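Scroll down for the structure; my scribbles are underneath it.
Quick note: the coordinates plus some simple rules give every number you see, no bench work behind them. Keep in mind it's a predicted model, so treat the numbers as computed, not measured. Note that we place each Cβ from the backbone using ideal geometry, even for glycine, and neighbour counts take in every protein chain shown.
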Amino acid sequence: MLKKETIKQIATLLKIKDADLEAAITAEAETDVAIDSKLQAFDETELQTLKENEVKKGRTIGVEIAVKDVKEKLGLEFQGKSIDGLVTAATKKALEDAKIEPEKRVKDVEEKLSNIQKSYKELETKFAEKDNEVTAVKIKTEVFKHIPAFGEDSGFDQEDVYNKMQREGYDFKIEDGKTVAYKGGAKVLDKVSNPLELKDVVNTFVVEKKIVTPEKVVAGRGGGNGAANSKFGSLSELKKTFTDQGKSTLGSEFKQAVDKAVKDNPELALDK
C-alpha cells in the first residue's frame, strides 16, 4: 500500500483526485483512472530548456512586432523584419527626402532616428527583463537543490527557507557559470577567501536558524534528498562536518552536537 503522501504527489502530477487514485490502487479488480492524454511531465532540465526556448521565441516575435510598428509610424517600405533592415530603410528614405529644404530635412532625419533609437531601447529593456526572469529561475532551482526536503508536519518547505534567506539579506548571483551567495551585499567567503560552496551556505543557515539540527547536515550531501544519516562513527567525522561549514568546534553548538552524536551512537569513537 502506498503512503497517502506518495498517492497525493502522484495525483497532483497527473491532475486527478487523490481519492480516485487511492481507490484504483486498493481495488482488487483492474480499475481505470481517467488521465488527460495531453498531460505532459517535465523534469528540471526539460522545464529549463522549454523556458529558454520560449524566451528565444518571444525575442524573435518581439523584434518583428517592434520593426513593424516603427515601419508603419515612419512610413517606410521594405520587406525585412530585422533591426538592421529597419535602419537601412530609414537611411534610404532620408536620402530620398534630400530634395526638401535642408533645415526641414535635418529635422525629419533627427526625429526618425530618435524614434528608432527609442523603439530599440524599449526592445532591449524587454529582452533584459526576460533574461533576468530566466536567470532568476536558474538561481532558485540551484539553491533549492541544497535545501533539505521537509516533511508535511515540519512547518517548513523549500520555498519558506529560500524566502527567509532573502529576507535576512542573502542574495544569489551566477558568476562564471556557478551560483554564488552574497549577504548584505558582500560575497560569502570561506576561510581562504574563496566563495563558500552554496550547499555549505544553505546548510549553515538552516542549522543556525534551528530549522534542522547540526548532526543532520552531513558535509557533501546534496539538498532536497530528505534527512541524511544522523549517526557519526567517530568524533573526527563530526568535527569535519563543522569545519566544512566554516563553524567553530570550540563553542556550545559543537558540544551539543557531540552529546547528541553520543546519544545516537553509544559506540562513537571519541579518540578518532
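What the table shows:
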{"quantity": "Residue-span extension gain [K255 to L113] - 0.36 nm each, minus C-alpha spacing", "calculated": "44.0 nm"}
{"quantity": "Distance (nanometres) between label positions extended 7 Å along Cα→Cβ at T91 and K140", "calculated": "4.3 nm"}
{"quantity": "Using a Förster distance of 22 Å, the FRET efficiency for I10-Q48 (Cβ separation, nearest 0.05)", "calculated": "0.45"}
{"quantity": "Length released on extending from V106 to V33, taking residue separation times 0.36 nm less the Cα-Cα span", "calculated": "19.1 nm"}
{"quantity": "Counted charge near G169, where neighbours are those whose Cβ lies closer than 15 Å (Asp, Glu -1; Lys, Arg +1)", "calculated": "+3"}
{"quantity": "Greater than 25 Å apart at Cα, pairs in K140/K164; K140/K260; K209/K255", "calculated": "K140/K260"}
{"quantity": "Per-pair calculated FRET efficiency, R0 = 41 Å: K17 and D131 via Cβ, rounded to 0.05", "calculated": "0.55"}
